[in-house]
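Chemist: Before I ask anything, here is the structure I am working with.
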Amino acid sequence: MSRYSNIPLLKSTYLWAIINLLITITGIFFFHWSLQPIIYLFWLEMIFNVVSALIRAMGAMDRKPFLETLKQKVFLLHGGAVMGVAMIMLTVTFTIGVFENFDFESFIGIQEAILTLAGNYVLALLLNFFFNGYFRKANPVTELMSTLIYLLVLLVIIMAITQHLIPSLNLKNNAMWIGLSVVGIKFLVDFLASYFRAPLFKMEDAK
């Protein structure tokens with residue numbers, strides 16, 4: 001077992017969700033982001049999630065030699081890429097409307113946010129999959145499907161609220177409420193995803 005897995009803060013599955021939330025909150029309160037950079041980061045997170053899932057599916061050993069499951073992994077790689085791209089396109093489709101009048105000034109600090117976000121996903125992949133040895137027992141199908149289900153749940157909830165619920169309430173400043181909904185729902189689903197993955201890592205630590 002890697003020495004990294006003995007650091008309580010780093011092996012927390014919730015740290016990834018908290019950092020994702022803090023990145024957006026920092027942009028809103030310190031850089032005065034509008035809805036556009038929030039949605040843009042949301043698109044990038046969808047991409048990072050799909051790429052991370054494909055890497056985990058290819059790296060999962062399922063307690064078997066790597067070459068023994070290689071054909072299955074290649075099939076999952078192609079199928080997962082197709083489904084992932086479809087979900088990303090759906091995300092862009094139902095949120096592209098916020099970019100009708102592009103606001104360049106609202107994207108202050110976006111480069112730093114993107115780098116931090118990407119780094120958070122890389123660290124989560126390394127610390128919670130490879131460095132703790134979980135990849136040795138992980139199942140390729142489970143790793144891919146768990147992310148696709150997570151993305152589907154996220155998309156359905158956000159689409160229902162931003163495309164139907166908020167417009168039907170005739171609220172003032174719909175953009176603000178849509179932004180808050182995206183941030184809040186994303187964090188809630190991230191937190192729940194971390195909650196359900198936590199027992200898996202605890203079982204690994206017990207071995």
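Chemist: Here are 46, 61, 83, 87: which of them is among the aliphatic types (A, V, I, L, M), more than 25 Å from residue 189 (Cβ to Cβ) and in contact (Cβ under 8 Å) with a residue 24 or more places away in the chain?
Modeler: Selected residue: 61, the only one of 46, 61, 83, 87 that is among the aliphatic types (A, V, I, L, M), more than 25 Å from residue 189 (Cβ to Cβ) and in contact (Cβ under 8 Å) with a residue 24 or more places away in the chain.
Chemist: Of the numbered conditions (1) closer than 15 Å to residue 143 by Cβ; (2) part of a loop (DSSP other than H, G, I, E, B), residue 102 satisfies every one except a single condition; which is it?
Modeler: (1)
Chemist: Pairs under 9 Å by beta carbon, first residue modelled with pLDDT under 90 in the range 138-159, partner surrounded by 17 or more Cβ atoms within 10 Å (Cβ to Cβ) and aromatic (Phe, Trp, Tyr), six or more apart or different chains?
Modeler: Here the result reads 158/42, each pair linking the range 138-159 to a residue that is surrounded by 17 or more Cβ atoms within 10 Å (Cβ to Cβ) and aromatic (Phe, Trp, Tyr).
Chemist: OK, next. Search the range 6-31 for residues that are in a helix (DSSP H, G or I) and pair each with any residue that is among the small types (Gly, Ala, Ser) and at pLDDT below 90 when their beta-carbon atoms are under 7 Å apart and the residues are at least 6 apart or on different chains.
Modeler: These pairs meet every condition: 16/194; 17/194.
Chemist: Something else: Just give me the residues in the range 30-57 being over 30 Å from residue 176 (Cα atoms) and surrounded by 19 or more Cβ atoms within 10 Å (Cβ to Cβ), in sequence order.
Modeler: Scanning the range 30-57 gives 53, 54, 56, 57.
Chemist: Considering every residue within the range 81-89, establish whether at least one is assigned to a helix (DSSP H, G or I), within 16 Å of residue 179 (Cα to Cα) and modelled with pLDDT of 90 or more.
Modeler: no
Chemist: Okay, next question. Restricting the search to the range 123-153, which residues are closer than 16 Å to residue 50 by Cα, of a type in the set (S, T, N, Q) and surrounded by fewer than 20 Cβ atoms within 10 Å (Cβ to Cβ)?
Modeler: Of everything in the range 123-153, those that are closer than 16 Å to residue 50 by Cα, of a type in the set (S, T, N, Q) and surrounded by fewer than 20 Cβ atoms within 10 Å (Cβ to Cβ) turn out to be 142, 146.
Chemist: If you go through the range 107-131, how many residues are β-branched (Val, Ile, Thr) and within 15 Å of the chain's Cα centre (by Cα)?
Modeler: Going through the range 107-131 one residue at a time, the tally reaches 3.
Chemist: Which of the residues that make up the range 70-81 are buried (at least 19 other Cβ atoms within 10 Å of the Cβ) and under 9 Å from residue 140 (Cβ atoms)?
Modeler: Answer for the range 70-81, where residues must be buried (at least 19 other Cβ atoms within 10 Å of the Cβ) and under 9 Å from residue 140 (Cβ atoms): 73, 76.
The values are calculated or read from the model by the stated rules, or taken from the named source; none is laboratory data. Keep in mind that what you see is a predicted model, and the values were worked out from it rather than measured. Because the Cβ atoms are built from the backbone with ideal geometry, glycine has one as well, and the counts that use them run over all protein chains shown.
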